[in-house]
Amino acid sequence: MSEAPVGVFDSGVGGLSVLKEIHTLLPNESLLYVADCGHIPYGEKSPGFIRQRCAVVADFFQRQGAKALVLACNTATVAGVADLRQLYPEWPIVGMEPAVKPAAAATRSGVVGVLATTGTLQSAKFAALLDRFANDVRVITQPCPGLVELIETGDLHSDALFTLLKGYIEPLLAAGCDTIILGCTHYPFLKPLLSQMLPPSISLIDTGAAVARQLQRLLTEQDLLAVGPSREPQFWTSASPEHLGKILPVLWNKSGVVRSFGL
């Protein structure tokens with residue numbers, strides 16, 4: 001069972017940022033990645049629809065013999081992780097959450113900004129994180145419609161992206177934020193552009209590395225860590241395999257075979 005694969009799932013290509021952290025920390029693991037690009041963006045979908053998609057993908061991973069599941073999507077975690085843990089109690093399941101706790105610890109100005117999708121920011125889970133960890137800091141939330149769609153095309157540098165992102169970070173800087181949470185798995189791909197736009201004193205925080213460490217801890221506890229040779233991930237998409245195949249060299253830094261996930 002330790003040589004069984006780990007399923008990693010996102011609404012699109014953003015979860016590749018998490019997959020990269022997992023592959024770096026756990027190179028011996030066989031990783032299966034599903035990008036539900038045919039139904040993106042999740043941030044504007046109903047919780048019921050997202051739960052349905054989570055169940056469909058989890059069932060696919062089970063048929064592939066997966067030993068664990070990573071929900072590499074903040075919006076899917078909010079909507080679906082509780083149901084999945086009931087449906088698959090035998091699986092270690094790791095979800096995402098905005099890094100409110102480390103951001104609150106890191107800020108010097110006492111003001112933290114959050115870039116995220118509308119669905120994440122409106123969720124009860126996000127409100128609970130603020131109540132638990134952000135009592136001593138001021139949190140400025142910024143929904144970012146349009147960013148996911150541009151990143152899904154492989155656009156990390158265009159003038160349109162720069163203009164859109166500038167409009168989202170200016171209110172955070174004006175409010176005195178010195179720490180900004182990247183609250184969507186797509187957004188770490190914007191770090192190079194953000195580093196050009198932000199003063200060096202601004203800290204950017206995401207949770208990809210923490211998710212990889214949590215997966216490692218859970219697999220270790222259940223004696224499920226793989227010990228075989230390093231392996232390359234396998235990819236599926238519910239949209240065009242050709243499109244994801246073109247995006248992989250940009251976001252994954254390698255090409256790869258992409259199969260159709262037609263459910």
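Among Asp178, Asp155, which is among the acidic types (Asp, Glu) and either outside the structural domain of Ser123 (by TED's automatic domain parsing) or in contact with a Ser or Thr (Cβ under 8 Å, 6 or more places away or on another chain) (or both)?
Asp178
Taking the options Glu242, Glu232, name whichever one is surrounded by fewer than 16 Cβ atoms within 10 Å (Cβ to Cβ), more than 19 Å from the chain's Cα centre (by Cα) and part of a helix (DSSP H, G or I).
Glu242
Do any helices (runs of 4 or more DSSP H) entirely within region 16-123 hold 3 or more residues that are touching a Ser or Thr at 6+ places or on another chain (Cβ under 6 Å) and on the phi < 0 side of the Ramachandran plot, and if so, which?
Helices (runs of 4 or more DSSP H) meeting the threshold: 74-87, 118-121.
Out of region 95-115, which residues are closer than 17 Å to Ile50 by Cα and surrounded by 21 or more Cβ atoms within 10 Å (Cβ to Cβ)?
Across region 95-115, the qualifying residues are Gly95, Met96.
Run down Leu173, Leu161, Leu248 and say which single residue is farther than 23 Å from Tyr42 by Cα and not in a loop (DSSP other than H, G, I, E, B). Working first, answer last.
Working: Leu161 fails: farther than 23 Å from Tyr42 by Cα; Leu248 fails: farther than 23 Å from Tyr42 by Cα.
Only one candidate qualifies: Leu173.
Filter region 4-48 down to the residues that are under 23 Å from Gly146 (Cα atoms) and among the small types (Gly, Ala, Ser) and list them by number.
Ser11, Gly12, Gly14, Gly15, Ser17, Ala35, Gly38, Gly43, Ser46, Gly48 - these are the residues of region 4-48 that are under 23 Å from Gly146 (Cα atoms) and among the small types (Gly, Ala, Ser).
Leu224 - would you say it is of a type outside the set (Ser, Thr, Tyr), modelled with pLDDT of 95 or more and part of a helix (DSSP H, G or I)?
It is false that Leu224 is of a type outside the set (Ser, Thr, Tyr), modelled with pLDDT of 95 or more and part of a helix (DSSP H, G or I).
All but one of (1) buried (at least 21 other Cβ atoms within 10 Å of the Cβ); (2) not small (Gly, Ala, Ser); (3) not assigned by TED's automatic domain parsing to the domain that holds Thr179 hold for Phe126; which doesn't?
(3)
Of the residues Val211, Val227, which is under 20 Å from Gly15 (Cα atoms) and either of a type in the set (Val, Ile, Thr) or surrounded by fewer than 16 Cβ atoms within 10 Å (Cβ to Cβ) (or both)?
Criteria check complete, one pass: Val211.
If you scan region 44-84, which residues turn out to be over 20 Å from Leu19 (Cα atoms), surrounded by fewer than 14 Cβ atoms within 10 Å (Cβ to Cβ) and not small (Gly, Ala, Ser)?
Answer for region 44-84, where residues must be over 20 Å from Leu19 (Cα atoms), surrounded by fewer than 14 Cβ atoms within 10 Å (Cβ to Cβ) and not small (Gly, Ala, Ser): Glu44, Phe49, Arg63.
Could you run through region 124-142 and say how many residues are of a type in the set (Lys, Arg) and assigned to a strand (DSSP E or B)?
Qualifying residue count, region 124-142: 1.
When you scan region 25-47, how many residues do you find that are in contact with a helix residue (DSSP H, G or I) (Cβ under 8 Å, 6 or more places away or on another chain) and at pLDDT below 95?
Selection size over region 25-47: 9.
Looking at region 1-15 only, could you name the residues that are among the aliphatic types (A, V, I, L, M) and either outside any loop (DSSP other than H, G, I, E, B) or farther than 13 Å from Leu248 by Cβ (or both)?
Those that are among the aliphatic types (A, V, I, L, M) and either outside any loop (DSSP other than H, G, I, E, B) or farther than 13 Å from Leu248 by Cβ (or both): Met1, Ala4, Val6, Val8.
Looking only at residues in region 1-14 that are touching a Phe, Trp or Tyr at 6+ places or on another chain (Cβ under 7 Å) and modelled with pLDDT of 95 or more, which one is nearest to Pro143 (Cα to Cα)? Full working, then the answer.
Quick first cut of region 1-14, residues touching a Phe, Trp or Tyr at 6+ places or on another chain (Cβ under 7 Å) only: 7-8, 11.
Going one step further and asking which of them are modelled with pLDDT of 95 or more, we end up with 7-8.
Working: Gly7: 28, Val8: 25 Å.
In this case the residue turns out to be Val8.
Within region 82-111, restricting attention to residues that are among the small types (Gly, Ala, Ser) and farther than 17 Å from Val8 by Cα, which residue is nearest to the chain's Cα centre (by Cα)? Walk me through it before giving the result.
Step one: filter region 82-111 for residues among the small types (Gly, Ala, Ser), giving 82, 95, 99, 103-106, 109-110.
Those left that are additionally farther than 17 Å from Val8 by Cα: 99, 103-106, 109-110.
Details: Ala99: 12, Ala103: 17, Ala104: 20, Ala105: 22, Ala106: 21, Ser109: 27, Gly110: 26 Å.
Only one residue fits best here, namely Ala99.
Hey, does region 53-65 have a residue that's touching a Phe, Trp or Tyr at 6+ places or on another chain (Cβ under 7 Å), closer than 19 Å to Thr207 by Cβ and aliphatic (A, V, I, L, M)?
No.
Mind listing just one residue for me: the one in region 166-186 that is touching a Cys at 6+ places or on another chain (Cβ under 8 Å) and of a type outside the set (Val, Ile, Thr) and, of those, farthest from Thr237 (Cα to Cα)?
Looking at residues that are touching a Cys at 6+ places or on another chain (Cβ under 8 Å) and of a type outside the set (Val, Ile, Thr), I get Tyr168.
The values are calculated or read from the model by the stated rules, or taken from the named source; none is laboratory data. Just so you know, these numbers come straight off a predicted model, no measurement behind them. We place every Cβ from the backbone using ideal geometry, glycine too, and count neighbours over all the protein chains shown.
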